[in-house]
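Here the structure is laid out as structure tokens; the discussion comes afterwards.
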Amino acid sequence: MERMRHRLAWVLAGILAFTPAAGSAETTAIRIAQQFGLGYLPLMIMEDQKLVEKAAEAAGLPPVVVTWAKLGGTSSVNDALLSGSVDFSAGGIPGLLTLWSRTKGSRNVVKGVAALSQMPFEFIVKKDGINSLDDLTPQDKIAVTSIKVSVQALVLEMAAAQRYGAAHFDKLDVSTVSLPHADSVLALKGGSMGVVAHVSAPPFQQEERKIPGARVLFTSYDVLGGPATFITLWSTARFRDGNPKTFAAFFNAIEQATAYINADKRRAAETYKRMTGDKTDTDEIVAILDDPQVAYTMAPHGLMKIAKFMHDIGRIKSLPADWSEAYFPEVGSLKGN
């Protein structure tokens with residue numbers, strides 16, 4: 001209850017915060033919250049190459065100090081944004097839609113900045129006798145990054161709705177536990193906390209496939225009916241309106257990072273390994289990046305299917321008319337859905 005009070009206070013603080021007057025000096029500090037995995041590779045490129053700092057300098061702005069925070073789940077990055085601890089947060093589309101719906105109509109509405117990556121994530125299980133969702137028991141724990149609000153948790157609910165009917169979308173929620181991906185891998189390997197399944201993400205799912213007895217039951221693309229944005233980035237109207245040149249420079253840095261990855265996958269893979277300390281063989285990382293189901297694109301895809309489901313189950317009060325309503329106009333020229 002106390003945590004809920006704190007979150008409500010952060011939400012109200014974010015909504016009611018004063019928007020800087022036009023013409024006031026722009027910020028010289030930018031703070032970004034991200035999570036773990038290859039879906040966040042554009043942000044790692046931006047950090048490694050100092051693309052935000054260079055784009056700001058090219059735009060004639062004063063030097064900016066960029067701070068990168070690694071957090072373990074969607075709830076954490078959303079709390080950080082609403083508390084004013086960060087200016088940009090990254091995660092799955094459900095995290096964006098949750099804040100967009102909650103702040104819609106306010107002076108400080110939260111909207112998407114750009115998509116970062118498009119890739120399937122897998123439901124991996126390691127327990128004899130589990131060949132479908134029907135075989136799971138309440139004692140069989142399923143690891144997700146954040147219960148209910150992460151994209152992994154939501155796709156699991158969508159899978160349950162497809163299997164058991166819309167009224168039973170939350171049938172498996174009782175079995176979910178919140179763990180960062182790296183901790184989920186360890187739990188799945190050792191069977192700790194009762195974890196027998198993990199709604200995973202690259203490159204963690206590639207490591208989990210090597211665990212004896214582990215297997216993939218389905219992927220997010222199976223549930224969503226095709227390719228969809230995995231990771232996206234969002235911010236507040238207060239930051240964008242108060243720092244238009246800085247926001248434009250930041251957007252330009254995302255464009256550069258996306259182009260950097262697509263121009264040379266091996267170079268991008270080596271950057272990922274260096275930035276994360278991941279011991280996965282470089283060729284394996286390159287193979288993931290080369291997978292035709294994986295794309296680094298700023299155009300959002302699959303948002304409306306997720307938004308409709310969230311609206312139908314009462315997770316969000318407002319349904320965007322189309323995907324662009326939930327994003328700032330900078331990305332509006334791209335062909336999303």
Number of the exception - residue 249 against (1) assigned by TED's automatic domain parsing to the domain that holds residue 81; (2) over 20 Å from the mean Cα position of the chain (by Cα); (3) hydrophobic (A, V, I, L, M, F, W, C); (4) closer than 30 Å to residue 168 by Cβ: (4)
Residue among 129, 92, 105 that alone is under 24 Å from residue 171 (Cα atoms) and free of Cβ contacts under 8 Å to residues at least 40 places away in the same chain: 129
In segment 34-59, residue nearest to residue 182 (Cα to Cα) [restricted to those that are of a type in the set (A, V, I, L, M) and surrounded by fewer than 24 Cβ atoms within 10 Å (Cβ to Cβ)]: 44
Hey, residue 156 in the same structural domain as residue 103 (by TED's automatic domain parsing), of a type in the set (A, V, I, L, M, F, W, C), crowded, with 19+ Cβ neighbours inside 10 Å and out of contact with any Lys or Arg (no Cβ under 8 Å at 6 or more places or on another chain) or not: no
Subset of segment 140-150 (residues that are modelled with pLDDT of 90 or more and of a type outside the set (Lys, Arg)): 140, 142, 143, 144
Restricting segment 240-252 to residues that are crowded, with 24+ Cβ neighbours inside 10 Å and of a type outside the set (Val, Ile, Thr), the residue that is nearest to residue 68 (Cα to Cα): 250
Residue identified as in a helix (DSSP H, G or I) and within 29 Å of residue 149 (Cα to Cα) among 249, 257, 268: 257
Failed item in (1) in contact (Cβ under 8 Å) with a residue 40 or more places away in the chain; (2) more than 21 Å from residue 311 (Cα to Cα), with residue 66 passing the rest: (1)
Any chance residue 273 is in a helix (DSSP H, G or I), on the phi < 0 side of the Ramachandran plot and either of a type in the set (Lys, Arg) or assigned by TED's automatic domain parsing to the domain that holds residue 206 (or both): yes
Yes/no for residue 327 being in the same structural domain as residue 235 (by TED's automatic domain parsing) and either at pLDDT below 95 or among the basic types (Lys, Arg) (or both): no
Hits in segment 271-293 - residues which are acidic (Asp, Glu) and surrounded by fewer than 13 Cβ atoms within 10 Å (Cβ to Cβ): 281, 283, 290, 291
Condition check for residue 263: within 22 Å of the chain's Cα centre (by Cα) and among the small types (Gly, Ala, Ser): no
Scan of segment 115-128 for residues that are over 17 Å from residue 306 (Cβ atoms) and in contact with a helix residue (DSSP H, G or I) (Cβ under 6 Å, 6 or more places away or on another chain), ordered by number: 122, 124, 126
Enumeration of residues in segment 159-175 that are crowded, with 19+ Cβ neighbours inside 10 Å and out of contact with any Lys or Arg (no Cβ under 9 Å at 6 or more places or on another chain): 159, 169, 172
Subset of segment 278-337 (residues that are within 30 Å of residue 264 (Cα to Cα), hydrophobic (A, V, I, L, M, F, W, C) and in a loop (DSSP other than H, G, I, E, B)): 294, 298, 299, 328, 334
Residue among 112, 105, 129 that alone is of a type outside the set (Phe, Trp, Tyr) and in contact with a Phe, Trp or Tyr (Cβ under 8 Å, 6 or more places away or on another chain): 112
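The values are calculated or read from the model by the stated rules, or taken from the named source; none is laboratory data. Since the structure is predicted, the reported quantities are computational estimates derived from the model, not experimental observations. As a convention, Cβ positions derive from the backbone with ideal geometry for all residues, glycine included, and neighbour counts pool all protein chains shown.
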